[in-house]
Structures are given as structure tokens and as C-alpha cells.
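Asker: Below: one structure in C-alpha cells.
Computed from the coordinates by the stated procedures, all read-outs in this text should not be read as laboratory data. Remember, predicted model here, so these are calculated numbers, not experimental data. Cβ atoms come from the backbone with ideal geometry, glycine included; neighbour counts cover every protein chain shown.
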Amino acid sequence: MTGLEGKVSVVTGGGSGIGRSTALAFAAEGTRVIVADISVRGGKETVQMIKESSGQAIFVKTDVTRADEVEEMVDKVVEIYGRLDFAFNNAGIDGDVASVTRYTEENWDQVININLKGVWLCMKYEIPQMLKQGGGAIVNTSSTAGLIGVGPNPAYVASKHGVVGLTKAAALKYAKRGIRINAVCPGVIYTPLVKKLMDTYPDMEKVVTGMNPMARIGIPEEVAQAVIWLCSDAASFITGHPLSVDGGVVAQ
């Protein structure tokens, strides 16, 4: 029904959280999945989960901040499966919580490199392969923090706003060439990153649910289904769009 069966997808940051759930969702739709992550353990665990569900998947260790590793990842995909139809450029980190004046240059560079440069590098090598095939679909992970101001985490907010802008620029460039490029903008989703924050700040869950119109925290599977839909034939006339998956937060 989705048009994904028999296709090939790559998921960066596929070793946990939203990336893992999306890799599993792609596999459930019948795509062959490349799980890319800097974490070998997490990436291999996701592959094993897919295989236990009778899906097809391989793991490719990838640091998305390194052009050579991203290029090798795409080359590996083509070498094994012969094509690349869908890409979910999802690898990211949250960075330190600090004000603009107290933020360190080291942490700023790390967050921007992974969250924004990493998305750019992935598209840099994914798009040429998709052009050779006559098309494809790409979804980049932004955040509600890419649509509204959220503090105090300036590098994260800047990087996620950057992903939205980059997505729109790339979508316009390749709209006539068969490649659709969109972004998902998750709100607070119960991932390992969010769990870590909740362990650090015990009142966080109460505060977050109190601010959310749906009065709850999202789950990774809900973002995964949004990614699947954006890659599917059902979204064939959608490109350059940042899709909020946030329980209504941005609508307030």
C-alpha cells in the first residue's frame, strides 16, 4: 500500500530511539534497511531485531561528520543492494544545556557538526545516487526546536532550524528531478536522550506533559510512521515540508 516494498532505505542514527523505530518500520514495510550509526552495539542490535522479524538489514558504522565515512556508507549500500530509494538522515545529539554566553565553543561545534553538517553530508552523497536512478525520497530529522525558539540550548535550536532551511533549499533544487526532500520535527519523544534528561531533571516529565495539548510525551514509533508516510506514494506531492510530530505544541 505504501509503495515501499522491495526498495532500499538507509537510516542514520539507527542504533536507538527514533532511528531504531524507523528502521524497524521500514523493514516492516518490506524495504531492505541499512542501519548506520557510530555506535556499533546499538546498530547491530537494531539489525538483529529486524532479522528476528524476518526483515533484511545490514549495519554500516558511520560517523556522519566525516565525509569519507558517509561516502563509504552510500557506496556500501549501492554495492550490496544496487540502489538507494529512501534516506532518513536522523543522527543527532542534544548538546549541553547552557545559555548563549555560557555555551562552550567545543560543544557548539560538536552539535552543529553532527546535527546540521551531518545531514548536509548525507544528502551530498545520497542525492547523486538517487539522480542516477531517476528519483527517491529523503527525510531529515529536525525538531519543534527547529520551528520555534526553545531554550536554553542554543546550538541545538540553531542546528535544527538549520536542518529545516537546508531541507527546503535542497527540496527546491531537486523538485523537478524526482527527489522529494522533507523533514520531521518531533516534539518531546520518549527516547534514550529524553530519558537521560528526565533522570537529570525529575520534574521534566510533569512540565512537558503540562505544556502539551495532548498532555503526554510522544513515542518513537509515532515519528517513524510519519517518516514512512513522507517516503510513501501517499505523500507524492509533498516536498520541502517540515512536519511537526509534537502533540500540538507548535500549534499553540
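Asker: Treat the count of other C-beta atoms within 10 Å as a stand-in for reagent exposure and order V33, V74 from fewest to most.
Answerer: V74, V33
Asker: A further question follows. Is the shape of region 96-252 rounded, prolate or oblate, going by the alpha carbon gyration tensor and its root eigenvalues a ≥ b ≥ c, with a/c under 1.5 for rounded and a/b larger than b/c for prolate?
Answerer: Oblate, because a/c is 1.5 or more while a/b does not exceed b/c.
Asker: Can you give the local net charge around C185? Use residues other than it whose beta-carbon is closer than 9 angstrom to its beta-carbon, Lys and Arg +1, Asp and Glu -1.
Answerer: 0
Asker: If neighbour count is taken as other Cβ atoms inside 10 Å, put I217, I18, I127, I50 in order from fewest to most.
Answerer: Listing I217, I18, I127, I50 from fewest to most nearby Cβ atoms yields I217, I127, I50, I18.
Asker: Here is the link list: K76/K124; K7/K196; K51/K176; K76/K168; K76/K117. Which ones come out longer than 25 Å on Cα distance?
Answerer: Those over the limit are K7/K196; K51/K176; K76/K168.
Asker: Give me the net charge for the shell around K124: Cβ to Cβ below 11 angstrom, other residues only, Lys and Arg +1, Asp and Glu -1.
Answerer: -1
Asker: Additional query: Just to confirm my numbers, what's the Cα centroid distance between region 196-221 and region 16-78 in Å?
Answerer: So the two Cα centres are separated by 28 Å.
Asker: Then there is this: Which Rg and Dmax, in Å, describe the Cα atoms of region 22-115?
Answerer: Reported Rg and Dmax, both Å: 15.7, 51.
Asker: Starting with the fewest neighbours, write out T22, T191, T141 ranked by other beta-carbon atoms found within 10 Å of each beta-carbon.
Answerer: Ordered from fewest to most neighbouring Cβ atoms within 10 Å, T22, T191, T141 come out as T191, T141, T22.
Asker: Only Lys, Arg, Asp and Glu count, each charged at its Cβ (+1, +1, -1, -1), so figure out the dipole size of the chain about its Cα centre, rounded to 20 debye.
Answerer: The calculated dipole for the chain is roughly 540 debye.
Asker: Lys and Arg at +1, Asp and Glu at -1: add these up for the other residues within a Cβ distance under 15 Å of G165 and post the number.
Answerer: My count for the surroundings of G165 gives +4.
Asker: Taking only C-alpha pairs under 8 Å that are 6+ residues apart, what is the relative contact order of the chain in percent?
Answerer: That works out to 20 percent.
Asker: Right, next: Over the chain, with a Gaussian network built from C-alpha contacts below 10 Å, which listed residue (R83, R20, R177) shows the highest mean-square fluctuation?
Answerer: Highest fluctuation of the listed residues: R177.
Asker: Got the relative contact order for region 63-140 handy, in percent, Cα pairs under 8 Å and 6 or more residues apart?
Answerer: In percent, rounded to a whole number, it is 49.
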